[in-house]
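The values are calculated or read from the model by the stated rules, or taken from the named source; none is laboratory data. The structure displayed is predicted, hence computed values, not measured ones. All Cβ positions, glycine included, derive from the backbone under ideal geometry; neighbour counts span all protein chains shown. Note: areas computed on protein heavy atoms with side chains; ligands, DNA, RNA excluded. Shrake-Rupley method; radii C 1.70, N 1.55, O 1.52, S 1.80 Å.
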Amino acid sequence: MKKLFVIAAAAVLLLTAFLYPQRGGDNGKVKIGAPDDTGGMIIHYLVHEKGYGDAEVQHDFELYPVKDCCSSTSQWALSSNQYDLAVMCPDAAESLLEKDGRFEIVSPCLMNSDIVVVKPGLTPQKIGIAQNRTHQTQIVADIFGQGCATALMLPAAIPYAYEKNAVDGVVVDALRGFTMTGDKLPATAVEADHITYVLVVNNSFKDDPRYQEFLDLFQQSVEELNNPDILMEEIGRYKNIDFSREEVNQWNRLGIKHVFTIPEMRG
């Protein structure tokens, strides 16, 4: 009987290893890519406030930040199987899916987090936008007309270019934009709801039971981060920014919000 038990236990272990193989070098931990701007805040909240990364709740979680989700380096990291999940801008996600059929977009997760900051009292002639984000060119044209030029630059260089008056305004992530002086404008009509980030999954991870746990906590995080009081506290924790009640109100007037449609799981 004992021998049969040992054989059965070994068979279960082999089956588990076959169904949910560990990735080399990381002990099978869930790997998530997240940008370091507003798009990454939901992952920060999920890990630190919802407990997905707490050792008592989830022993095999590890977060890999992605500085710029639209960079070719980030897409390579996904294609080389370094991530199970990632929060990405739509341009990067579509580019990835065209090149690699192992991934799919789960759901939009952030709306209207690109905002426009402009110098007060000026008619903008040149607006700085981030390279690789082609949708921002259309944002500039929609707001300021075809006569307004755009200047492509690295996302990290945008606030510096604005401060040095190299441009009259910028399209920038909201958390960066709120630290800059100037008029804050929505990047699109609020009623239109411009998708700025989506959640992407590696299809090989969808059969892992940890995927359902992630989706459940992600859904809860979305709902909670749309609460003004929770949002204000989380921005402070995430970026050490002292966000005022008026700034939270302005955030809402700009239409910035987390969204998520939880997908149907396989039967």
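For this structure, a couple of remarks:
- Global form of the range 88-213, assessed from the alpha-carbon gyration tensor, a/c cut-off 1.5: prolate
- Förster-model FRET efficiency, 30 Å R0, Gln219 and Ala192, C-beta, rounded to 0.05: 0.80
- The fraction of accessible area contributed by carbon and sulfur in the range 114-186 is 52 percent, rounded to a whole number (1.4 Å probe; ligands and nucleic acids excluded).
- Based on protein heavy atoms only, the range 194-236 ends up with 35 Å² per residue of surface accessible to a 1.4 Å probe.
- Averaged per residue, the range 114-186 has 47 square angstrom of accessible surface, using a 1.4 angstrom probe with ligands and nucleic acids left out.
- Cα gyration tensor shape for the range 114-186, rounded if a/c is under 1.5, else prolate or oblate: rounded
- Subset of Lys164/Lys184; Lys99/Lys257; Lys31/Lys257; Lys126/Lys184; Lys164/Lys257 violating a 27 Å alpha-carbon distance limit: Lys99/Lys257; Lys164/Lys257
- Ligands, DNA and RNA aside, Cys148 has an accessible area near 10 Å² when probed at 1.4 Å.
- Summed side-chain charge close to Ala187 - residues other than Ala187 whose Cβ falls under 9 Å, Lys, Arg +1, Asp, Glu -1: -2
- Three-way shape label, the range 77-132, alpha-carbon gyration tensor, a/c 1.5: prolate
- Straight-line cross-link partners of Lys29 among the lysines, defined as a Cα under 21 Å from its Cα and at least 8 positions apart when in the same chain: Lys50, Lys67, Lys206.
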